[in-house]
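Comments concern the structure below.
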Amino acid sequence: MLILTQLLFTTAILGQSPSSFSGELIYTITKIDENKMQSGFGNDHSNAEEKLIIYTKDSLVKRVYFNSENGIQESIEHLTYGKKILLLNIDTMNYAVQVPTNKKNQTDDLDSTYSLSKKCFPKVYFAGIKGKPMLLSHPMLSNKLYIWYSKKIHLKYNSVYAQLPGLPLKYYVASQKGLYLYELESFKRYDPPLSLFQIPIGYEILSLEDFLNLLENHE
């Protein structure tokens, strides 16, 4: 099983599409002040530094969420095969948990209640990339918010809204914990090593069901 799973994440990449991207994206994550929120949001304060780092190699994607208080969460994904694995560290043990994905719709649309409407101006640059604006609305938001995106890079590398026609450069995520702003601070094109997208040595590969059973028995 280990060999099969590794093969899915180390398949040779041929015939890249025009919108394919290999390189690195770094987003700064900021919690918006609760005075700009509605009452449905959480009001806890946090001084933690947060980043979302995305490494890509055509159809291979590695996402790293960094939080200075809670540590790192990582996942690797093969977009072509619709395979996703979470890399977890629990009680000195390392697990690679296979997460079911919907290959027919690979957008990780966070919430169907997000709605986008077109705007022509202003166009703003983020990390050297010109962004086109749209307006975002959500039931938990008292006002519409501007977001920006680029059509030059496919949205599959960071598909937070299914309606967005390109890679988000500045966007918002609403949840019960608060309203979070993601803004692209760094954009680099290069060819990352294939090893970056492999399951590290020493990780036990489990299905999601087996992992949940393991947690239940551990308790």
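One residue is enough: does the stretch 142-150 have a residue meeting the conditions modelled with pLDDT under 90 and over 21 Å from Lys118 (Cβ atoms)? Yes, the conditions are met somewhere in the stretch 142-150.
Against the conditions (1) more than 22 Å from Ile29 (Cβ to Cβ); (2) surrounded by 16 or more Cβ atoms within 10 Å (Cβ to Cβ); (3) at pLDDT below 85, Asp108 satisfies every one except (1).
Pick from the stretch 139-161 the residues that are part of a loop (DSSP other than H, G, I, E, B) and β-branched (Val, Ile, Thr): which of them is surrounded by the fewest Cβ atoms within 10 Å (Cβ to Cβ)? Spell out the reasoning first.
If we filter the stretch 139-161 for residues that are part of a loop (DSSP other than H, G, I, E, B), which is where we start, we get 139-144, 151-154, 158-161.
Pick out the ones that are also β-branched (Val, Ile, Thr) and you get 153, 160.
Details: Ile153: 22, Val160: 18.
Checking each candidate, the answer is Val160.
Within the stretch 31-47, at least one residue is farther than 18 Å from Val99 by Cβ, modelled with pLDDT under 90, polar (S, T, N, Q) and in contact with a Leu (Cβ under 9 Å, 6 or more places away or on another chain).
Condition first: in a strand (DSSP E or B), in contact with a Gly (Cβ under 6 Å, 6 or more places away or on another chain) and modelled with pLDDT of 90 or more. Can you find one or more residues in the stretch 80-95 that meet it? Yes; the residues of the stretch 80-95 include at least one that is in a strand (DSSP E or B), in contact with a Gly (Cβ under 6 Å, 6 or more places away or on another chain) and modelled with pLDDT of 90 or more.
The values are calculated or read from the model by the stated rules, or taken from the named source; none is laboratory data. No experiment lies behind these values; they were computed from the predicted model shown. Neighbour counts are summed over all protein chains in view; Cβ atoms, including those assigned to glycine, are modelled from backbone coordinates with ideal geometry.
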